[in-house]
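Below: the structure, in structure tokens.
The values are calculated or read from the model by the stated rules, or taken from the named source; none is laboratory data. Just so it is clear, the model here is predicted, and its values are computed rather than measured. No Cβ is skipped: glycine too gets one built from the backbone with ideal geometry, and neighbour counts run over all protein chains shown.
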Amino acid sequence: MYAGISGMKNFQTKLDVIGNNIANVNTYGFKKGRVTFKDMISQQIAGAAAATGNRGGVNAQQVGLGSQLSSIDTIHTTGATQTTARTLDLALSGDGFFPVATISDLARVGIDRGNQIGDNKISGSIDRAMSLNYTRAGNFYLDDRGYLVTADGMYLVGETGEKTIPTDAARTKGNAALSVITGFEGQFKTISDELSVFTKKANSLLTAFQNYADAYKVLQASANPADTTSKEYKAMDNAQKALKTVYDDFNTTAGTFKTTITNFNTAIGPLNTGINTFNTTAPIVDIISQVSTLTDKLTTQGTHYPAASGAVTTTNTPLTTEIDTMKTLIDEVSNFTMEVGKIGQGVVQFETAAEDLDKPQWTNSLSGEAGLIQIPLDAQSFSIGPDGTVSFVNRKGQLNVAGQIRIANFANAGGLEKVGGNLFRESVSSGSVDKNNNGIQLDELFAPGSDGAATIVAGSLEMSNVDLSEEFTEMIVAQRGFQSNTKIITTSDEILQELMGLKR
């Protein structure tokens, strides 16, 4: 009876493991479990006897007392690869685990926090600064500062890219330059907006001049130019009135625009001073040469604006001079608009150079030190190679390296302990990443594809290695084994009942 009980307990454990396997059939990176049994101690009824001269040997007589668990194994076979086309989904093709961790000693990790910018490097051994775990689930994410993390916010540990932190002097200089630009932005927007309005009204005035000139020529070519009742005279009169309206409107706009140009010229001064100061160590496109003297040409109204004043009368000439003047003015405004555009482009480059002084700078090489992997938030794009190298294109279009993912290998992966959340941790049976007993160093985490470590397949995830057909088969076996053990108990009970019945 007690042997049957031990069998029932063991098969219940087997069903528990099977149930856990089936529950995690769609868990990325999950490794299934397996239960094995062994027999329990046996009761010896008669011992074995050796052979004698006239009789052969006799085997021992033993009765087993049931079964017990032999092991609950974690099977680390590789699961199938599922394509997701998501850049931060990573599958391991081969042996190894992603090292992920929370920070246990902030003083040893150069991480960005608050307004402080860090170099992402880990000082000393990795396991003294970080609480390490290991996973096969490669669904990673970017946090609010660009670090590669798991779904639970654990940092992916590897080799950092070369990240240079801006100095206090550089940040002060950059902020001063940005302050100059901020003061100039208002005037730049104003002149850009008014240039558009001024150009539109200058073209309208040119059209009005041309319409008046055409009407004047038609009237002079008519049979009786002095006839104020003719349609030709009425057409000229209408053109004259329209010209007067457009002319007055243009003059009002011109006055406002003249003030805008004066203010713009004034704003150029501090900007040029700021650029000269900034250029001493960080040359950019020279805005000073782009301003030129064209701004002065639009500030002399008597030279470039039409000379007509008051009402236009029938005694006016066809205004050929005014038409030519307007065409010249429109051409110069067009040229000036291009110059203002160049100034804007120069300011953008100036602003970019100033902002760079306030931001960390990356290169296209690795640092050679352990740490966290960070992709700048202003990166245009990024990619992860089979060797774990994380590259990104910065906002200038340059290719930089954010770091390299490293892989942890164990002598006995089956000895790792599951801690939930798709994570494993070292045990005394698994072997340690730290081979020299001096703390985990970067060279004890392998580059993907080297020293037997897995390669990385970006845009894919490793699926669970649970085989449902196998699990259902094992479930049937466990169920029948459990039922068989219950039969032992019921049969033993019936025998006891028969013994109790002997008294009757």
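Brief remarks follow.
- Selection count, the range 373-399, where residues are among the aliphatic types (A, V, I, L, M) and in a loop (DSSP other than H, G, I, E, B): 4
- Number of positions in the range 19-36 that are crowded, with 18+ Cβ neighbours inside 10 Å and either of a type in the set (A, V, I, L, M, F, W, C) or in contact with a Pro (Cβ under 7 Å, 6 or more places away or on another chain) (or both): 2
- Test for residue 341: is it more than 18 Å from the chain's Cα centre (by Cα) and of a type outside the set (A, V, I, L, M, F, W, C): yes
- The range 37-69 - residue that is among the hydroxyl-bearing types (Ser, Thr, Tyr) and surrounded by 11 or more Cβ atoms within 10 Å (Cβ to Cβ) and, of those, farthest from residue 468 (Cα to Cα): 42
- Among the residues making up the range 11-56, those that are more than 23 Å from residue 483 (Cβ to Cβ) and touching a strand residue (DSSP E or B) at 6+ places or on another chain (Cβ under 7 Å) are 28, 29, 31, 42, 43, 44, 45, 46, 48, 49.
- Here 88, 69, 65, 15 are screened, and the one residue that is under 23 Å from residue 492 (Cα atoms) and either in contact with a Phe, Trp or Tyr (Cβ under 8 Å, 6 or more places away or on another chain) or among the charged types (D, E, K, R) (or both) is 65.
- Residue match in the range 342-359 (condition: over 24 Å from residue 447 (Cβ atoms), of a type in the set (Lys, Arg) and part of a strand (DSSP E or B)): no
- Candidates 409, 437 - the one that is under 21 Å from residue 158 (Cα atoms), exposed (fewer than 13 other Cβ atoms within 10 Å of the Cβ) and not basic (Lys, Arg): 437
- Meets criteria (farther than 30 Å from residue 78 by Cα and of a type outside the set (Val, Ile, Thr)) for residue 198: yes
- Single match in 82, 68 (criterion: out of contact with any helix residue (DSSP H, G or I) (no Cβ under 8 Å at 6 or more places or on another chain) and in a strand (DSSP E or B)): 82
- Whichever residue in the range 85-98 is part of a loop (DSSP other than H, G, I, E, B) and of a type outside the set (Lys, Arg) and, among such residues, is surrounded by the fewest Cβ atoms within 10 Å (Cβ to Cβ): 85
- Cross-chain or 6+ apart pairs with Cβ under 8 Å, the range 13-35 first and in the same structural domain as residue 470 (by TED's automatic domain parsing) and part of a helix (DSSP H, G or I), then at pLDDT below 95 and of a type in the set (S, T, N, Q): 15/479
- Check on residue 495, farther than 30 Å from residue 18 by Cβ and not assigned by TED's automatic domain parsing to the domain that holds residue 31: no
- Any hit, the range 163-174, residues being within 30 Å of residue 340 (Cβ to Cβ), in contact with a Phe, Trp or Tyr (Cβ under 8 Å, 6 or more places away or on another chain) and either of a type in the set (S, T, N, Q) or part of a helix (DSSP H, G or I) (or both): yes
- Any hit, the range 320-331, residues being within 22 Å of residue 191 (Cβ to Cβ), acidic (Asp, Glu), at pLDDT below 50 and in the same structural domain as residue 346 (by TED's automatic domain parsing): no
- Selection within the range 400-421 - in a strand (DSSP E or B) and of a type in the set (D, E, K, R): 417, 418
- Single residue of the range 99-157 satisfying the filter (among the charged types (D, E, K, R) and assigned to a strand (DSSP E or B)) that is modelled with the highest pLDDT: 121
- Residues of the range 230-259 classified as of a type in the set (Ser, Thr, Tyr), surrounded by fewer than 19 Cβ atoms within 10 Å (Cβ to Cβ) and part of a helix (DSSP H, G or I), total: 5
- For residue 73: the one exception among (1) outside the structural domain of residue 452 (by TED's automatic domain parsing); (2) in a loop (DSSP other than H, G, I, E, B); (3) in contact with a helix residue (DSSP H, G or I) (Cβ under 9 Å, 6 or more places away or on another chain): (2)
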